[in-house]
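Encoded as structure tokens, the structure appears first; notes follow it.
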Amino acid sequence: MKVAVFQLSLFGINMYVVYDPQSCDCAVIDPGITTDREREALVSFIEREHLNVVHVINTHMHIDHVAGNAFVQKKYDADVLAHQDDVPLGDRVGEQAKMFGLLGSYEDVKVTRYLKDGDVIRIGDGTLKVIHVPGHSPGHIALYDGKDGYLIAGDILFCGSIGRTDLPGGNHQQLINGIKEKLLPLPDNTIVYPGHGPATTIGDERLTNPFLL
Ligand SMILES: [Zn+2]
Ligand SMILES: [Zn+2]
């Protein structure tokens, strides 16, 4: 499947649209959109590529990754897929906004299908495999397309860094163990698309990420 990235204003989060060019089905991953301009950028991309939005998928339920869920869910009548262990975060999006000093109102997350480790999400003829790696948040998942060789990593793994573990439900050792056991065994040339900052590869992070040496 193809991947389009949108860098958004809320904490510089990366939203991804993963789409199968044959069927034109797509998933919007981590829609942290909060402005009219960002909503228009997504809608015009979907129109230009003639895509059908079948899923919203949240890697986890921190506010920067879910702020635009309701907009995408309603506009496209899309399913919302996420891991159950982050529901306590998804039920407190307003409190998260206050904690980070954000103004405005934010809707709670309405999940329509729970994901667990090993699940396979179908998008047209393509698939994303669910890999549960808790530690940044309890229900954090990564999404792996083994056919096209990339991983949507959310806030688990960044270029040269890993997710913070000082927020509620965080656990540093659990995060390190999960990355080493479940992500580093992927092929070296797997492209890692993180929730913030530039893309990297599994091979580069295995060799140079100071948190994983
Ligand atoms: Zn996060
Ligand atoms: Zn984030």
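The values are calculated or read from the model by the stated rules, or taken from the named source; none is laboratory data. Treat the numbers as computed from the prediction; the structure is a model and nothing was measured. Neighbour counts run over all protein chains shown; Cβ positions are idealised from the backbone, glycine included. Surface accessibility is based on the protein's heavy atoms, side chains included, excluding ligands, DNA and RNA. Shrake-Rupley method; radii C 1.70, N 1.55, O 1.52, S 1.80 Å.
Observations, loosely collected:
- Peptides 82-88, 59-65 ranked from most to least packed by the mean count of surrounding Cβ atoms within 10 Å: 59-65, 82-88.
- For the range 1-69, the equivalent ellipsoid derived from the alpha-carbon gyration tensor has semi-axes of 20, 13, 9 Å in decreasing order.
- Annotation for F100 and S9: the two label points, set 7 Å from Cα along the Cα-Cβ direction, are 1.4 nm apart.
- Taken one residue at a time, the phi angles of the range 14-19 give Karplus couplings (6.51, -1.76, 1.60, θ = phi - 60°) of 9, 9, 10, 10, 9, 9 Hz. Gly and Pro are set to x.
- Relative contact order for the chain, counting Cα pairs under 8 Å that sit 6 or more residues apart, in percent: 15 percent
- A 1.4 Å probe run over the chain, with the rest of the protein chains in place, finds 45 Å² accessible per residue.
- Spin-label model distance (nm) - T35 vs K74, 7 Å beyond Cα toward Cβ: 2.1 nm
- The Cα atoms of the chain give a gyration tensor whose axes a ≥ b ≥ c have a/c of 1.5 or more with a/b no greater than b/c, which makes the shape oblate.
- Counting every C-alpha pair in the range 145-186, the share spaced more than 14 angstrom apart comes to 51%.
- Among beta bridges from DSSP that stay inside the range 17-134, the antiparallel ones total about 40%.
- Loop GluC sites (Glu not before Pro), the range 43-118, which have at most 14 other Cβ atoms in a 10 Å radius of their Cβ (DSSP): E49
- Multiplying the residue separation of L213 and D117 by 0.36 nm and removing their Cα-Cα distance gives an extension gain of 32.0 nm.
- For the cross-link pairs K75/K110; K116/K182; K147/K182; K74/K182; K98/K180; K116/K147, the ones whose C-alpha atoms lie over 24 Å apart are K74/K182; K98/K180.
- Note that the range 102-117 has calculated 3J(HN,Hα) couplings of 8, 8, x, 10, 10, 7, 5, 7, 10, 6, 10, 8, 7, 10, 9, 3 Hz, one per residue in order, obtained from phi through the Karplus relation 6.51 cos²θ - 1.76 cosθ + 1.60 (θ = phi - 60°); glycine and proline are x.
- Working note: Cα gyration tensor of the range 136-213, eigenvalues times five, square-rooted, sorted largest first, giving semi-axes of 19, 13, 11 Å.
- Sequence-distant contacts, meaning Cα pairs under 8 Å at least 6 residues apart, place the relative contact order of the range 116-213 at 24 percent.
- Mean projected area in nm² (Cα convex hull; one quarter of hull surface) for the range 89-201: 8.1 nm²
- Rounded to whole Hz, the Karplus (6.51, -1.76, 1.60) HN-Hα couplings of the range 39-53, x for glycine and proline: 4, 5, 4, 5, 4, 6, 5, 4, 5, 4, 8, 6, 8, 9, 7
- Selection from P134, V3, Y16 lying farthest towards where the dipole of the chain points positive, charges on Cβ: P134
- Percent accessible area from carbon and sulfur atoms, the chain, protein chains only, probe 1.4 Å: 50 percent
- Computed per residue of the chain from DSSP H runs no shorter than four, each worth -39500 (n - 2.57), the mean residue ellipticity at 222 nm is -6000 deg cm²/dmol.
- DSSP beta bridges fully contained in the chain are about 65 percent antiparallel.
- For the range 37-94, the alpha carbon positions stretch 36, 22, 17 Å along the principal axes, listed from largest to smallest.
- Magnitude of the charge dipole for the chain, about its Cα centre and with charges confined to Cβ atoms of Lys, Arg (+1) and Asp, Glu (-1), is about 120 debye.
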